[in-house]
Amino acid sequence: AGVGGTGVITIGQLLGMAAHLEGKGIVTQDAAGLAQKGGATWSHVLIAAAQEDIHTTRVGMASADLILACDPVVAAGSETLMRVREGRTHIALNAHATPTAAFVKNADWQDPSLACIAELERAAGSGVSAFDADAVATRLMGDSLYTNPVMLGFAWQKGWLPLERASLLRAIELNAVAVEQNKTAFEWGRQAAQDWPAVQALLGGEQVVQWQRATPLDEVIARRAAFLGEYQDAAYARRYQDFVARVQGIEAVLGKSTLSIAVAKNLFKLMAYKDEYEVARLQRDPGFLARIEAQFEGDFQVHYHLAPPLLARRNERGELQKRKFGPTTRWAFQLLAACKGLRGTPLDIFGLTRERQHERALIADYRASIEELLATLAPHNHALALKLALVPEQIRGFGHVKERSLVAARAQWDQALAAFRAATQLAS
């Protein structure tokens, strides 16, 4: 079970050829989703001592001996799960999931692989053996295309395939595609099954995940205030701190702090909008320049793809289009970064654009809305106030992308404010 176009069908064919070479009975049937490439794909493989022992073309319900789960999202689908039986089914599972199409359309998309692995473990119990086959193929073979033969070698080493190693290697040879690479991937899969910690050590680049307590509110505020001081000036940062402190003081009477945290994060987000001055400042940041230097060697040049509102062309939808600028742009960045004090003043030519005017209006509107909440904040409407305070989280992107998200966020904003007012009026 895996993603179409990654060699799932080929693995089924290799198993079929290996069984044929051993004189065994074999039936394979492939089933693909709506997309031949990028969609869910299954290859049903039935192997028996003799051909007459096989009476179907698909693996029956709750009767799979082995599932090569090349992708956890596909493997956790109903087409696969209905064939699992705890105590019988072994699952060789690639723990790396390919992002689904929802990743493109849903800004809140989260990797479902952990949930899928948990679902497979509920179905097969201790029969699940998971490892990152994608990392093995990518880092040790140089290409994720070898993930599936890695899976094949893993399952064989576990003793879950009723076929000889020589037969499988000969099937790879007869397939006549990247023969030596596929053989090597098969052997890496065997090694992963035999001694996964040793293979992990070869992968390198692993990080130890440490759970930490949530950052204290005072630290959240201090860190963002320091950023705003660099972004604009100390007075700008102080306005942020004073407003959040006002929210803290009023909310503390209720014995809560969630609204203060939400305002601290979202007011900062609105105040630190990324305009031309900020792009220039970040590009001239010594830390950023040092990281660029560390990534490249020899004589290299940095080019920039930008859409200056006063210079860029627009497409048929009126959206600004990026164009390429050469290395000398860094000097313009240096000059522009030094002019950040003009932001919001009559000398700020960028402030004349509709996008910048909208961004600055958002700050004032958000502060005004929060002030309205604070005037009547009480236990019965606190949750509604929090919902409104979190709305800026939905504002994402830059340029026309940000404008589209702002339309949806404004609608949520209005609804949340109306709900708060209705609850307040009802309580009074």
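I'm trying to understand the selection: among the residues of the range 406-426, which are in contact (Cβ under 8 Å) with a residue 24 or more places away in the chain and either under 29 Å from the mean Cα position of the chain (by Cα) or closer than 27 Å to LYS322 by Cα (or both)? LEU406, TRP413, ALA416, listed by residue number. Could you tell me whether any residue of the range 284-293 is of a type in the set (Phe, Trp, Tyr), open to solvent by 40 Å² or more (accessible area, probe 1.4 Å) and without any contact (Cβ under 8 Å) to a residue 40 or more places away in the chain? So far as the range 284-293 goes, yes, one or more of its residues are of a type in the set (Phe, Trp, Tyr), open to solvent by 40 Å² or more (accessible area, probe 1.4 Å) and without any contact (Cβ under 8 Å) to a residue 40 or more places away in the chain. Within the range 395-405, if we keep just the residues that are part of a loop (DSSP other than H, G, I, E, B) and either in contact with a strand residue (DSSP E or B) (Cβ under 9 Å, 6 or more places away or on another chain) or in contact (Cβ under 8 Å) with a residue 60 or more places away in the chain (or both), the residue that is surrounded by the most Cβ atoms within 10 Å (Cβ to Cβ) turns out to be ILE395. I need the full set of residues from the range 51-77 which are over 21 Å from GLY7 (Cα atoms) and among the polar types (S, T, N, Q), in order please. Matches in the range 51-77: GLN51, THR56, SER63. Residues in the range 231-245 that are exposed (fewer than 15 other Cβ atoms within 10 Å of the Cβ) and touching a residue at least 40 places away in the same chain (Cβ under 8 Å): ASP233 alone. When PRO392 is tested against (1) modelled with pLDDT of 90 or more; (2) assigned to a helix (DSSP H, G or I); (3) open to solvent by 20 Å² or more (accessible area, probe 1.4 Å), only condition (3) is not met. For the range 349-386, the candidate set comprises residues that are modelled with pLDDT of 95 or more and charged (D, E, K, R); within that set, the residue that is surrounded by the fewest Cβ atoms within 10 Å (Cβ to Cβ) is GLU371. Against the conditions (1) touching a residue at least 60 places away in the same chain (Cβ under 8 Å); (2) hydrophobic (A, V, I, L, M, F, W, C); (3) touching a strand residue (DSSP E or B) at 6+ places or on another chain (Cβ under 6 Å), PHE350 satisfies every one except (3). Is it true that GLN194 is free of Cβ contacts under 8 Å to residues at least 40 places away in the same chain and either more than 24 Å from the chain's Cα centre (by Cα) or within 30 Å of VAL279 (Cβ to Cβ) (or both)? For GLN194, the condition - free of Cβ contacts under 8 Å to residues at least 40 places away in the same chain and either more than 24 Å from the chain's Cα centre (by Cα) or within 30 Å of VAL279 (Cβ to Cβ) (or both) - is met. So in the range 100-145, with the set limited to residues that are among the β-branched types (Val, Ile, Thr) and modelled with pLDDT under 90, which one is nearest to GLY204 (Cα to Cα)? Among those that are among the β-branched types (Val, Ile, Thr) and modelled with pLDDT under 90, it is ILE117.
For the range 401-413, what are the residues that are touching a helix residue (DSSP H, G or I) at 6+ places or on another chain (Cβ under 9 Å) and of a type outside the set (S, T, N, Q)? Step through it out loud before you land on a result.
As a first pass, look at the range 401-413 and keep what is touching a helix residue (DSSP H, G or I) at 6+ places or on another chain (Cβ under 9 Å): 402-403, 405-406, 408-410, 412-413.
Listed by number, the residues that qualify are LYS402, GLU403, LEU406, ALA408, ALA409, ARG410, TRP413.
Selection of the range 310-338 for residues being open to solvent by 100 Å² or more (accessible area, probe 1.4 Å) and either at pLDDT 90 or above or not charged (D, E, K, R) (or both) yields LEU310, LEU311, LYS324, THR328, TRP331, LEU335.
Here is the figure for the range 342-370: residues that are out of contact with any Phe, Trp or Tyr (no Cβ under 9 Å at 6 or more places or on another chain) and in a helix (DSSP H, G or I) total 9.
With respect to the conditions (1) closer than 20 Å to MET271 by Cβ; (2) in contact with a Leu (Cβ under 8 Å, 6 or more places away or on another chain); (3) among the hydroxyl-bearing types (Ser, Thr, Tyr), THR329 lacks only one, and its number is (1).
Looking across ALA280, ALA307, ALA264, one residue alone is at pLDDT below 90 and of a type in the set (Gly, Ala, Ser). It is ALA307.
The values are calculated or read from the model by the stated rules, or taken from the named source; none is laboratory data. Computed from a predicted model, the values in this text were never measured in an experiment. FYI the Cβ positions are ideal-geometry reconstructions off the backbone, even for glycines, and counts take in every protein chain you see. Please note that ligands, DNA and RNA were not included when accessible areas were found on the heavy atoms of the full protein model with its side chains. Shrake-Rupley method; radii C 1.70, N 1.55, O 1.52, S 1.80 Å.
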